[in-house]
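Report on the following structure.
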Amino acid sequence: VQLQASGGGLVHAGGSLRLSCQASGPFLSISPWAWYRQVTGRQRELVARASSDGRTDYADSAKGRFTISVDGAKNTVSLQMNNLKPEDTAVYYCHAFVVTSTLTQHWGRGTQVTVSS
């Protein structure tokens, strides 16, 4: 199973970006999906998570500004980020727990988000 992320870039403070991550390969189901971010020299941190039962969780820093959504038909998770701040600058990674014959976790290649002040 591979996770392919896209959608990062450079944006001014107050702007918006939408990240997407698509899973490919044979699997039975994915849950939960999540987005993490990491700044160089700091630990990777959870930004948002979405479960197959519809529950979502957000880091306090993301609440009210970011929205995670899953398109099961396309095996895709998205992260809509609005009102971006310079402190949102990081490499963003999608993550998924994947059910095949076992349960495994997978990371996508990171995508850089840079917010200028």
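The values are calculated or read from the model by the stated rules, or taken from the named source; none is laboratory data. Owing to the predicted nature of the structure, the values given are computational and were not obtained by experimental measurement. Virtual Cβ from ideal backbone geometry, glycine too; neighbours counted across all protein chains shown. Quick note on the areas: whole protein, heavy atoms, side chains included, nothing else; ligands and nucleic acids left out. Shrake-Rupley method; radii C 1.70, N 1.55, O 1.52, S 1.80 Å.
Using bins of 10 Å that start at zero, the share of Cα-Cα pairs per bin across the chain amounts to 15, 49, 29, 7, 0, in whole %. Amide H to amide H, with H built 1.01 Å from N, A59 comes under 5 Å of A48, counting only residues 5 or more places away or on other chains. Per atom type, segment 1-81 shows carbon and sulfur on 45% of its accessible surface, probed at 1.4 Å. Residue ranges 28-41, 47-60 sort as 28-41, 47-60 when ordered by packing (mean number of other C-beta atoms within 10 Å per residue, highest first). Between the C-alpha center of segment 61-116 and that of segment 1-29 there is a gap of 6 Å. Projecting the Cα atoms of W107, V39, Q2 onto the charge dipole of the chain (Cβ charges, centred on the Cα centre) puts V39 farthest toward the positive pole. Per residue, the average separation of C-alpha pairs within less than 8 Å and at least 6 apart gives the chain a relative contact order of 37 percent. Between the listed residues A13, N83, S69, the Cα displaced farthest toward the positive end of the dipole of the chain, a dipole computed from Cβ unit charges relative to the Cα centre, is found at A13.
What the chain shows is 55 Å² of accessible area per residue, with the surface traced by a 1.4 Å probe over protein heavy atoms. Backbone phi angles across segment 11-17, fed through the Karplus curve with coefficients 6.51, -1.76 and 1.60 (θ = phi - 60°), yield HN-Hα couplings of 9, 7, 3, x, x, 10, 9 Hz in residue order; Gly and Pro are listed as x. Taking a label point 7 Å from the Cα of T104 along the Cα→Cβ vector, which residues of segment 66-86 have an amide N closer than 19 Å to it? The answer is 75-76, whose backbone nitrogens lie closer than 19 Å to the label point.
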